[in-house]
Structure formats: C-alpha cells, structure tokens
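The values are calculated or read from the model by the stated rules, or taken from the named source; none is laboratory data. This structure is a prediction, so every number in the text was calculated from the model and none was measured. Cβ placement follows ideal geometry from the backbone for every residue including glycine, while neighbour counts extend to all protein chains displayed. SASA here: full protein model, heavy atoms, side chains in, ligands and nucleic acids out. Shrake-Rupley method; radii C 1.70, N 1.55, O 1.52, S 1.80 Å.
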Amino acid sequence: MSHIGQVPEAATHNRSVQGLHTVVVPAPGAPVAEIRLLIPYARAGRLPAPVHTLLPACLGTGTAQRSRQAIVERAADIGAELSTVVTAESLLLSLSVLGDHLPEAVELLAEILLSPAYRTDELDLVRARARAAPTADGPRTRLHRALLHRRFGPGPLTLAPPSVDRLQAVTTDELHTLHREAIVPDGSVLLVMTDTGPDTDHLHALLADRLAGWTGGPSGLLLPHIAHRTPSCDSMHLTDPHTEPAQALVMAISPATPTQEPDHPALHLAQLVLGGYGSSRLMERIRNRHGLTYGVSTTIRETRAGAWLETECAGAPGTADRIARIIEETLHELSQTGPTGAEADRARQYAIGFTRFGIATRTEAASAYAGFVAQGLAPHWLTTYAARLADTSRSDIAEATTRYLTPATATFGSLDTPGTTRSAAEEAAPPGQQDHA
C-alpha cells in the first residue's frame, strides 16, 4: 500500500484445517510488518467474568520456554512490539516488527499461543495492580450500561466489571482452562501486512507451518444476537448521587443496519446530519442556539451480533430534560422532512473525506483490516465504501431517517441531579449486571 487511503495491493486469503482465516496484505516498501490476530472473546461461556478479565492481562507474560523478561528481550532483539486489546466481542493481539524479522515474530506469537505459562507470580502482579487501582464506573458508563440493558436486555454488553475481590479469587488453573477453550484458531482471523516481495505463497506457507500445532474451537465466545425491543418513546432516568455533579448526560439508542446492508450508507449520512459532526442539526440547536451542551455525538455501533445507533449529549447540571426534548423534536422533524439538499451534500463530503483519511497509519490500517475481515468484508472495504456514499441520494437519506431516526424507535436515558428529571429516578442496578457466579 503505497499511500494510506488508497486501495491496498490485492490481499490473499487462506483458511486452515483448524478454521483459522489467514489474510496477507502486501505493503510494498514497508520496513515494518504488522501482524494482527483477532479472536472471538465476548464475555460469554461457562467460566466466570473475572477469568475473562484477567486472561488478556496475563497473556504473553510467560511461556513454557520464556519468562516475561525473556519475552521482552526476545521482542527487543527482533525489533518487535507486542500488545493486547479487548473489546466487547474480540481479543486483538498485535505485533509490529521489522520486516526482516517477520518469521521470528510469527514464531514468538506461536509460542505464546501454543505454550502459555500463566505463572502464579505474574497473576499475583496483575491482581496487585487491580487492588492498588480499583476502577469504579463513572456516570457515563453507568448510564450507558443501564441504557443498553433497557434496550437489549441482559447479556455480555451489560455486565458490570468484576469486583476487586472476585479478581483475587481467579486461579492459574482457570486461566489455562480458558486459554484452551477460548484462544483457539477456529473462528479467528490472522492478518499480516508486509512487503511480501514476489512470493506471497511463501508467507502463507510459513504461517501455516508455524501455527500447525494450534488447534481447538470454535470457542463459542460470541455475542448473542442483538434484538431491539420495540419501544414507544421509551425513556429511563437516573440521578447522580454526587452533591456537585459535573454534568447532565442524555443518551439515546435507536436501531441501525449493518455495514453490509444496502441502506447502511444512507443511515450513515443520516446520522451525520442528525449529530455526527460539527455542522449537524443537534450541534446547531443544542449548542449554538441554546448553549446547553458541551458536545453532541451520534455513532453507529456495530458488532457481528447486530448494530445500533447511539446519540449522546452532555450539558450543565439540570439541563437533561431540555436537551432530551430538543433531541426528540429534532428526530421528529428530520424523520418527517428528511435533510435539506445542503445538509445531504455536506454530510456526504464529510463521510467521503473520512474514508480517504480515516486510517492514518499502517498500524491503524492493519487493525482496521483485521476487523473488516472478521465482519465478512474485504480488507480494503473502507476505500471502496466511498463509492457507495457517493451514489447515495438525498431521497435515500430521507428514507433512512423515516425508517431509523424517529422518537418512536428510540430508547432515551438521562442522568442528572436529583429532582430534575421527568419521572422518579431509577437507582437500582438493572437485572443481570451482577458478575457471573
């Protein structure tokens, strides 16, 4: 890929007998190779949530052959950086390495996957860090989790983080068990972006050979299908228990359509018109006209289990009701009349510009490509999406607003000072937020 934002060289695919989907994306002239391993990792399954929380922190801290320090030294020898990121549905292992040392980096990755050593001293270190810096949900997280529960019911998306005490009870045996059941090739995506030269097949053969002993799966750690409950201007209200709350929060969840669907570009542009960028209607009305908010955002959240649209706004304490009313009024108006021609044009130009410059570095590109492949898309999907946006008309956007952006299809949530919301506060944690037993 000579320039970020252009279509990359043709990717090649292979699916192993173990079920691992391997993708090689040529990057001519790139001195650094990028490796991304994306593994399904929703907080589901039979093992308790604390085990799911601690495994990513301990993964890569030791193998049967090497200690944590030895792994660090080996990575330094080959110019590699290793990191782990966990999302609501995936565990992403990332390796950036000098291209000349790609085979050694693959060997190190295979060692971590095939012969992990969850040693007691490493687990103790992770638990000590958790005990020293316990995390507590902030107001936004509390409202967001409660609203997801209201919209979708109990599930992995609405689970609260396990308590520090429950983290202390996790054993190394449980980590080994979860590794065998969850860190598996079947259902995973391995993407390598590197200067392959003329022999891409050789790289595929190398990956297959080094990971031949990695077996197991599928893990079943997948989000259950996300089914939208049918609301009717549904709303919930929480109060901030602090005597001097920093802000009022308003959120809304609406239905959305996945990337692969024909009407996704129209919804994408519709949510930009609503609140997705600086010239949106909500930004103009809530911030510029009324001065009620610090910021407005709308975002399409997408998982392999389903998609939804989130609208979020933060304002001064005591303003949640006014902000919510303006959002409802704006949704009603937009769903009735659709965007103006100028609004549609501005949103389209903004979205197309993002497809050209949204992936700024090869490091970001590799992670994005792996995510696209996991969703069933081509690695270079973002660079081809611009054509779909360009072909989306104002009438298409208006149809999407009528279908998706109405008050009747939204679930609203607000968090504000006591006595300022429209109904009694709902202080009890929603069912299903307790840690797994």
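Using amide H atoms built in the peptide plane, which far-off residues or other-chain residues are under 5 Å from THR63 H to H?
ALA117
Return one whole number: the accessible area per residue of the chain in Å², for a 1.4 Å probe.
The answer is 43 Å² per residue.
At 7 Å along the Cα-to-beta-carbon direction for both THR363 and GLN336, put a label point, then send me their distance in nm to one decimal.
5.0
Normalise the Cα radius of gyration of the stretch 271-341 by 2.2 N^0.38 Å (N = residues in it) and let me know the number.
Values: Rg = 12.6 Å, N = 71, 2.2 N^0.38 = 11.1 Å.
Working it through for the stretch 271-341, the quotient is 1.13.
Quick one: 3J(HN,Hα) in Hz for the stretch 142-159, Karplus 6.51/-1.76/1.60 with θ = phi - 60°, rounded, Gly and Pro as x.
So the Karplus estimates, Gly and Pro as x, are 5, 5, 4, 5, 5, 5, 4, 5, 4, 7, 10, x, x, x, x, 5, 10, 6 Hz.
What do you reckon, how do HIS264, HIS225 stack up by accessible area (1.4 Å probe), largest on top? The partial results should precede the final answer.
Details: HIS264 15, HIS225 150 Å².
So the residues, ranked largest to smallest area, are HIS225, HIS264.
Take the solvent-accessible surface of the protein heavy atoms, probe 1.4 Å, and return the percent of it on the chain that carbon and sulfur atoms account for.
The computed percentage sits at 53.
Got a sec to turn the phi values of the stretch 304-318 into Karplus ³J(HN,Hα) couplings, 6.51 cos²θ - 1.76 cosθ + 1.60 with θ = phi - 60°, whole Hz, x for Gly and Pro?
Using θ = phi - 60°, the values come out as 6, 9, x, 9, 8, 10, 10, 10, 9, 8, 10, x, 5, x, x Hz.
Which label marks the calculated value of Rg and Dmax of the Cα atoms in Å, given the options [x] 23.5, 69; [y] 30.8, 97; [z] 22.5, 72?
Read-out from the structure maps to [x].
On a 0 to 90 degree scale, rounded to 10, what angle separates helix 102-114 from the longest Cα axis of the chain?
In the chain, helix 102-114 runs at an angle near 80 degrees to the longest axis.
At 1.4 Å probe size, with no ligands or nucleic acids counted, give the accessible surface of HIS13 in Å², nearest ten.
About 100 Å², ignoring ligands and nucleic acids.
Given the C-alpha centroids of the stretch 322-393 and the stretch 121-180, what is the distance between them in whole angstrom?
Cα centroid to Cα centroid, the span is 32 Å.
Heavy-atom accessible area of ARG210 with all protein chains present, probe 1.4 Å, nearest 10 Å²?
The accessible area of ARG210 comes to roughly 80 Å².
What does DSSP give for the chain in terms of the percent of beta bridges that are antiparallel, rounded to the nearest 5?
About 80 percent, rounded to the nearest 5.
Roll a 1.4 Å probe over the protein heavy atoms and report the accessible area of PHE412 in Å², nearest 10.
We get 10 Å² for PHE412.
Between the stretch 52-104 and the stretch 399-418, what is the separation of their alpha carbon centroids in Å?
So the two Cα centres are separated by 42 Å.
Output the 0 to 90 degree angle, nearest 10, between the alpha-carbon long axis of helix 68-77 and the longest principal axis computed from the alpha carbons of the chain.
80
Tabulate in residue order the Karplus-calculated ³J(HN,Hα) for the stretch 271-279, using 6.51 cos²θ - 1.76 cosθ + 1.60 with θ = phi - 60°, rounded to whole Hz; enter x for Gly and Pro.
6, 5, 4, 5, x, x, 7, x, 9
Tell me the mean residue ellipticity at 222 nm calculated for the chain from its helices only (DSSP H runs of n ≥ 4, each -39500 (n - 2.57), averaged over every residue, nearest 500). Walk me through the numbers on the way to the answer.
Values: 14 runs with 164 residues, N = 437.
It comes out at -11500 deg cm²/dmol, rounded to the nearest 500.
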